[in-house]
Each structure stands twice: as C-alpha cells, then as structure tokens.
Amino acid sequence: MAEHDKPQRRRRLSRPVVLAAAVALVDREGPAVLTMRRLAAELGVEPMALYRYTVGKEGLLDGLVESFFAEVDERLRTSVEQARADKATASAEPPWLTELRRIARAFAGAVHAHPEVLPVHSRGAP
C-alpha cells in the first residue's frame, strides 16, 4: 500500500487499547479465535506491531486476565458509594459479610460482562 493510500488518522496503539480490542474480540467470538494476526486485523495494524505491547499469545492471554481483574477492581471502586449507602440501611449483618457480598457482586458483574474470558483465566488450572 502506498503511503498516500493509508488512512490519515490511525488509532494510536497502547497496551490498554490492544487489551480492550482482545477482550472485545473474545467477548464477540470466543477465545479460540484470538491470535496475534486476528487481533492485528481487528486493530488495522501488522501483527508485529502488537509485540511491543504483549509478548506473544501467552502474554496476550495473561493480558486478558489482567483486564478482567482490572474491571473487577474498577467495579469495586465504583461500588464504594453504594456500600456507604448500604451501611445506612444495613441489617444486623457483620461488616465482613457485607464486604464479601460487595466483592462477589463486582466479580459476578465482570463475569457476566465477559463470560468468554473466564475460561482463559482457568486455562492453567489443574
């Protein structure tokens, strides 16, 4: 492709952009289709461009897990306000149980949003 045929504004790559595209691809089509070539095609770049942000497919799979837990963490951060409101109307439930429920809800929300990522997380489990 000639230089003048290339799009004027190409999306700037970064690790979060690459991982977000990988999560979107896995959400849409499952983990079996995730390859460096397929992800590069999704992003409109050459496959070698991805190696700057992740070391091969194993690194990409690790990045999916990293993204998943980052979303759980973000859900926990945003649920702090809800937890404060819940304290005002809390029952006789111990505080540790209330917190455990909040963590479980954040994790379940991330699993519900990205059900295809969970098998990637457990791929190394015995």
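Do you know which of the residues in region 75-102 that are loosely packed, with under 12 Cβ neighbours inside 10 Å and of a type in the set (Ser, Thr, Tyr) is modelled with the lowest pLDDT?
Of everything passing the filter in region 75-102, THR89 is modelled with the lowest pLDDT.
I'd like the full set of residues that are within 16 Å of HIS112 (Cα to Cα) and loosely packed, with under 13 Cβ neighbours inside 10 Å, limited to region 12-28.
ARG28
If we scan region 45-52, do we find a residue that is in contact (Cβ under 8 Å) with a residue 60 or more places away in the chain and assigned to a loop (DSSP other than H, G, I, E, B)? Talk me through it step by step, then tell me what you get.
Just the residues of region 45-52 that are in contact (Cβ under 8 Å) with a residue 60 or more places away in the chain, to begin with: none.
No; the residues of region 45-52 include none that is in contact (Cβ under 8 Å) with a residue 60 or more places away in the chain and assigned to a loop (DSSP other than H, G, I, E, B).
Checking VAL120 against (1) at pLDDT 90 or above; (2) assigned to a helix (DSSP H, G or I); (3) under 21 Å from VAL33 (Cβ atoms), only one condition comes out false. Which one?
Condition not satisfied by VAL120: (1).
Might you check whether a residue that is exposed (fewer than 14 other Cβ atoms within 10 Å of the Cβ), at pLDDT 95 or above, in a helix (DSSP H, G or I) and not charged (D, E, K, R) occurs anywhere in region 53-68?
no
Evaluate the following for LEU13: is it closer than 17 Å to VAL120 by Cα, touching a helix residue (DSSP H, G or I) at 6+ places or on another chain (Cβ under 8 Å) and either modelled with pLDDT of 90 or more or part of a loop (DSSP other than H, G, I, E, B) (or both)?
On the way: closer than 17 Å to VAL120 by Cα: no; touching a helix residue (DSSP H, G or I) at 6+ places or on another chain (Cβ under 8 Å): yes; either modelled with pLDDT of 90 or more or part of a loop (DSSP other than H, G, I, E, B) (or both): yes.
No, not satisfied.
The values are calculated or read from the model by the stated rules, or taken from the named source; none is laboratory data. As the structure is a prediction and not an experimental result, all values here were calculated from the model. Note that we place each Cβ from the backbone using ideal geometry, even for glycine, and neighbour counts take in every protein chain shown.
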